[in-house]
Structure formats: structure tokens, C-alpha cells
Amino acid sequence: MNDFKVLDRINNYKDLLNLSEEELKDLSDDVREYIIDVTSKNGGHIGPSLGVVELTIAILRTFDPEVDRIIWDIGHQAYAYKILTDRKEKFKTLRQYGGISGFLKIKESPYDHFGAGHSSTSISAALGMRVAKDLLKTEGYTLAVIGDGAMTAGQAFEGLNHAGWLDPSKFIVILNDNQMSISPNVGAIYTYFNKIITNEVYQKSRQKFKDILKKVFGDSGPKFARKLEEYAKGLFAPGVIFEELGFTYVGTIDGHSITDLEETLRNVKKMRGPILIHVITQKGKGYKPAEENPTPFHGISPFDKITGVPVKKSKEKPSWSSAFGEALVEIAEKDEKVVAITPAMREGSGLTEFSNKFPERFFDVGIAEQHAATFGAALSKEGMKPVLSYYSTFLQRAYDQIIHDIAIQDIPVVIAIDRAGLVGEDGPTHHGVFDISFLRLIPNVVISAPKDWDELRNLLFTGLNSGRIFAIRYPRGTVIGEKTGGFRTLEIGKWEKVSDGREIAVLAVGKYVQRAVYVKELLKKSGYNPTIINSRFIKPFDEEMLTDVLKSHKYIVTMEDGSLNGGFGSMVAEYAVDNGYGNLILRFGIPDNFIGHGKIDLLEADLGLLPEQMADRIKQFVEGENYKVVG
């Protein structure tokens, strides 16, 4: 670890209490330098975490995570928290195989009170803990720290609404506004008004005034008092919406002033009822490349620490996401009915070019996966051709809308499922391994997976012109194969025989088709010659080809980068059993476990999914059956 002025002396958050104001400033610089150093090597969510260093220090100097519950929304903001809560040395293993997670995990540390990799859950979680503490009569405050971006999701407001109705004390929501999307104003009048409303004398007078009004006017008295207070605050502050939801709004606060933050936090600890503190921070604070380009530094791969330029492996081909975005632009240029919808993942989903070329046909709806699905269905109902672009892991959040608003009504949409399969360092909250299983259950849905670049383009073209609910799943990483140009329609439900063989048939999905071809080459060295099938349509599947394969091959091997429970292999096994076939079936895929974080090849090695492991397993699978090797 680097030599730091103050951080070297910090072993636990309790050491923060002994620091002077100057030492706290030095500590903030140290923590930022450490975060930059580690993420430059490991990648990670650097921008959000750099923005909350002072806020983290202030919280840990004001609250005690052994007693109080501190819930960080998503965990993007929690790197400083990890460093200061007994993980300083382990932090250099961030997002590495066997190292600490890039998110908060209750199994990683007793100070991680609630884990999350998806946004907008913190308020609900903190409220549940607050109510439990009240029922059990245990000590401590509960805090939720949530970013302004996460406030675009409905669950955040569901939590706020419930909290306002329950009216709990010792319940604090800290809104980390790093884009100034709620209020651009931080100035003397806000600071002055804020000091007034958090002052203990003011709060005691405020409560006495409410008590008097209640005696005079009954239950309507406090409501009358709140209306007067809201009117006064409305002249100065942007928090009326939170006041209407039943919170006392405190803001805005300079999120980079430890003194102001601590004073506010100490004061609100004395206040009754739910409190919302509006803190203004700068995303990427203290690192110029991240300050000037906050979007790419929200989450970034390893980068040059001096220039901030990502360290990219030389590659001639684009990512699957970019290949998808490029194809969508080409189709949209000739079809003005095509529209693209994303829940806050424009860059990650490869839709930047589309948004620039067709701004009126591009819709970034924020972190609102449910809304995106219903919005897309309605666009389709009126004659448009919507493409709903989700990461597989985030599609889970729109499950009811896929069933209720799209599938039951059989409304045509294309669902582009990015990051399908294992995604690597982001771990179990982001692996896209469940989409095949949960979509297979839903009537009217086509599920497809391209083996290569050309097939991705053709499936997108087919889906947009099919008049069907058409899901296309593709992985993270560099696209496989080449682009020959143009588009052609594929027959829905039809597979492709890649190569003929005997006795053993390998039915592979998506990127695993290429792996199956490589496994065949390994098996041929031992005298085995399997048939390879590109099972590009998972639903509906090619019943004719599957029937032929079951009749002509004794051993069936399935390969998929999704859950074995309810997945493609399950479908093959179900069909074989239902139709009386007695084939021996070996399935490769994701077992009934949540898979940790680390580079994809290391995770696949743990799961026995590398080509050499698959070839060995297949040989073991058949050797007990007196398989005749042709040498």
C-alpha cells in the first residue's frame, strides 16, 4: 500500500474520532488516492465513491455501525466505507477472484448491514430495520444513503411513502445528489436556513408549537403546522415533495465539508420523525479525469492512473453491445417505426450512436425497468417497433410487466438482453444467468441466442419484423465471428447443424456454440466425433431436429451460459422424457448456486465449463457405456 499521511494510522472507523480538522482533510485525500490506485488496476465504480469520501467520514464520526444501521444504496458509493470499516488491507483485492466484492455484502463484513447490486432498495431496507428495532426496543439509528439517480426508480418512492406514513424517529435518508438533478443551488441562504431548521432550539419550539395546535385544533393541528412550515421552506428550499411525503427536509448541504456534514448529522439525531438530508457532492471529486468525464468513470475497467485513459486489450472487433447498437442503427435508418428504450444504460447497451442519430426515437427512462416495459408495449400497440434494451440482471425487475403488460396481451416487442451469462467482476448481483429460465415459463415469448456477429444481426432483423415478443440474449465481451453485411430473416424455431458426427450430439446455445466446436476438436483426438447443433432458438425449439437427434444419437450433451434449473438443458430433458426417449443426457451450465465475482475464465474453471474440462467430462460420461472409439 502507498505511504499515506493519515490513512496508515487508521485501523478502524473509531480512530476517526481522534483526528483534527486538518487530519480529516488529509485523510480524505489519502482515501481518494487509495481508491484511484486500486481501481486503476482492478476497475470499478470510481466516480460515485470519490464523491462521498467526506460524507462517509462524517457518517462514521457521527454514527456507530456496531449499533446504528447504515444502508448504502447499490454499493457504488461505498468504497471509502469499506476502507474505513476494517477492510483497508483487503481493499486492494477489490473485485478480484477471492477478494472483496465491489458491492456491499452481509457475508463479507458485519458493517455491511444490507447488500445490494441493484439500485433504489436502501430506503425500504432501512425502514424495515427501523421498524424491527422499534418492535424489539433495541438502540440505534437507521440511515439510507441513496443517489439522485436511484431516486428515479419507483421503489425509492414506495419506501419514502411508507416511511412518511409510519412516521418513525431515528430514521434518516441521505440523498447524495451528485448531478444536481434536483437542485442546482448551494448557497448562503440555503446554509443559513438549514442551520435554523436543524437547530435544537428551533426543533423544540417547532414541536411545542405542534403540540399547542393539536390541543386547539385536534388532529388537524399538526397538519396545519406542517402546511405553514412547508410554505416557509418552499420559499427557500427544493424539498417540498419530501415534506409532502411526511419527511422533514434538510438541505442542501455541501457534501465535501466534513464540518457542515457533522453539524447537520448531529443536529438531526435530536429531531423527531423521518428526516431527509439533501447533500450535494461532485462525482469523481479529486480526480480530474473523473470530474471532467463522470459518465465513463461511473464504472470503468482498469485505466492509466495519470491520464485516466482505459487500458484496453488490443482488439479489432467490437463488443456484443456495440455490434447490437450498430445493427439497430442500420435497421432504424430504413424503418422509421423502430424505437429504442433503455433504463439508464445508454452507453453500456451500445445505444449512444442510436440516441445521437435518432434522438426523437430514443428513450432513456432512468432506473425504471418496469416503466420501460409497459411504455414499450404501449408504443407497440400504437404501431411502433420498440426494442427494450436491458442487462439480463436488470430485466428481472420488469418480470411482472413482461408477463402482464406484454405477454398476456401478446404485444410485439424486441427484448435485447445484454450481459447474458457470467459477467465477471461484478459478481452475483450482475450475472445474467436466470433469463432463459424465467422467460421459458411465459407463453408467447420467443427466446433466441446468437452464436456470432452475423447471427445477432439477423436475429434482431427477424425479431423486429416478426410481429412477435422476441427476446435476444447475448453475452458481455468481444463479439464472436465476422460481419458479412446486410440482414436476412431466420425461420423462427429452426436450429442449425454445424457439423455431423455419431453417437454423441452437442446442443449448444449462444457463445457456447463456438466452445462446442472446440470441444469437438479435443474429443476427436480421443476418437470421439460428436454432432454439433446451434440451438439458436431456445423457445420455440426445433422439435423436428431434436427428435431426429434423439433417435440417432445415444448421448446428448447440452451447453448453455445460464441456469441449469429450468434452462435450455432442462427443456431438452423434459422433451426426451415426455416423449419416451431413453437417451443419456449431460448438461453443462450454471448450477443451483449464486456465483461469486472474478474474471469469467476463473469462474468457468470453478464450474467445469472450460473446453478441456467439458471434453474430459464428456469422455467420462460415455466411457462406462462401452463406447466404440474409432481411431
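Considering amide H positions built from the backbone, and no H for Pro or chain starts, which residues 5 or more places from Tyr141, or on another chain, come under 5 Å of its amide H?
It is Asp68, Arg69, by chain and number.
Under 12 Å from the Cβ of Asp86, count the other residues' Cβ atoms, weight Lys and Arg +1, Asp and Glu -1, and hand me the total.
Here the charged neighbours net out to 0.
Before rounding to the nearest 500, sum -39500 (n - 2.57) across all DSSP H runs of length at least 4 in the chain and divide by the residue total; then give [θ] at 222 nm in deg cm²/dmol.
-12000 deg cm²/dmol
Explain nothing, just compute: Karplus ³J(HN,Hα) = 6.51 cos²θ - 1.76 cosθ + 1.60, θ = phi - 60°, for every residue of the range 464-481 in order, whole Hz, x for Gly and Pro.
With coefficients 6.51, -1.76 and 1.60, one gets 5, 10, 8, x, 10, 7, 10, 9, 10, 9, 8, x, 7, x, 6, 4, 8, x Hz.
Keeping every protein chain present and rolling a 1.4 Å probe, give me the accessible area per residue for the range 555-617 in Å².
41
Quick check: from the Cα gyration tensor, does the range 481-548 come out rounded (a/c under 1.5), prolate or oblate?
Oblate shape, in that a/c is at least 1.5 and b/c is the bigger or equal ratio.
Please give the FRET efficiency for Asn12 paired with Glu544, using the beta carbon to beta carbon distance and R0 = 45 Å, rounded to the nearest 0.05.
On the way: r = 66 Å, r/R0 = 1.46.
So the FRET efficiency works out to roughly 0.10.
At 1.4 Å probe size, with every protein chain present, just tell me what the per residue accessible area of the range 363-461 comes to in Å².
On a per-residue basis, the range 363-461 sits at 30 Å².
Taking the Cα centroid of the range 371-447 and of the range 270-329, what is the distance between the two, rounded to the nearest whole Å?
Measuring centre to centre over Cα atoms gives 25 Å.
Check which residues have an amide H placed less than 5 Å from Asp542's amide H, if you skip close sequence neighbours.
Trp495
Assuming 0.36 nm per residue, please report the length gained on full extension of the stretch Glu23 to Asp64 beyond their Cα-Cα distance.
So the extension gain works out to 12.7 nm.
For every other residue with a beta carbon closer than 14 angstrom to the beta carbon of Leu464, add +1 if it is Lys or Arg and -1 if Asp or Glu, then tell me the sum.
Net charge in that neighbourhood comes out at +3.
Over what distance in Å are the Cα centres of the range 450-484 and the range 496-535 separated?
The range 450-484 and the range 496-535 have Cα centres spaced 21 Å from each other.
³J(HN,Hα) across the range 386-401 via Karplus (A = 6.51, B = -1.76, C = 1.60, θ = phi - 60°), whole Hz, x for Gly/Pro?
Listing the rounded values in order: x, 10, 8, 9, 10, 6, 3, 4, 7, 4, 3, 6, 10, 4, 5, 5 Hz.
Whole angstrom only: what separates the Cα centroid of the range 86-154 from the Cα centroid of the range 594-613?
Answer, in whole Å: 27.
What FRET efficiency comes out for the pair Asn356/Phe438, r = Cβ-Cβ distance, R0 = 45 Å, nearest 0.05? Mind dumping the intermediate values first?
Working: r = 33 Å, r/R0 = 0.74.
Efficiency computed from Cβ-Cβ geometry: 0.85.
Given Asn583, Ile253, Leu127, which one lies farthest toward the positive end of the charge dipole of the chain, if we put +1 on the Cβ of every Lys and Arg and -1 on the Cβ of every Asp and Glu?
Leu127
Leaving out ligands, DNA and RNA, and with a 1.4 Å probe, what % of the accessible surface on the chain is carbon or sulfur?
Ligands and nucleic acids excluded, carbon and sulfur give 52 percent.
For Ile367, what charge total do you get from the other residues with a beta carbon under 14 Å from its beta carbon, if Lys and Arg give +1 and Asp and Glu give -1?
For residues surrounding Ile367, the net value is -3.
Which of the listed residues, Met571, Ile538, Trp320, is farthest toward the dipole's positive end in the chain, when Lys, Arg count +1 and Asp, Glu count -1 at the beta-carbon?
It is Met571, whose Cα lies furthest towards the positive end.
Of the cross-linked pairs Lys524/Lys619; Lys41/Lys82; Lys285/Lys312; Lys334/Lys385; Lys14/Lys270; Lys554/Lys619, which ones have a Cα-Cα span greater than 20 Å in the structure shown? Present the calculation step by step, with values, prior to reporting the outcome.
Working: Lys524/Lys619 11 Å; Lys41/Lys82 17 Å; Lys285/Lys312 24 Å; Lys334/Lys385 13 Å; Lys14/Lys270 22 Å; Lys554/Lys619 14 Å.
Listed pairs above 20 Å: Lys285/Lys312; Lys14/Lys270.
Name the long-range amide H neighbours of Thr558: under 5 Å, sequence gap of 5 or more, or other chain; modelled H, no Pro or chain starts.
Amide H neighbours of Thr558: Leu507, Leu586, Arg587, Phe588.
Measure nothing fancy, just the Cα-based angle from helix 568-578's long axis to the longest principal axis of the chain, in degrees from 0 to 90, nearest 10.
For helix 568-578, the angle is close to 50 degrees.
The values are calculated or read from the model by the stated rules, or taken from the named source; none is laboratory data. Everything quoted here is computed from the prediction, not taken from an experiment. No Cβ is skipped: glycine too gets one built from the backbone with ideal geometry, and neighbour counts run over all protein chains shown. To get the accessible areas, we keep the full protein, side chains included, count just its heavy atoms, and leave off ligands, DNA and RNA. Shrake-Rupley method; radii C 1.70, N 1.55, O 1.52, S 1.80 Å.
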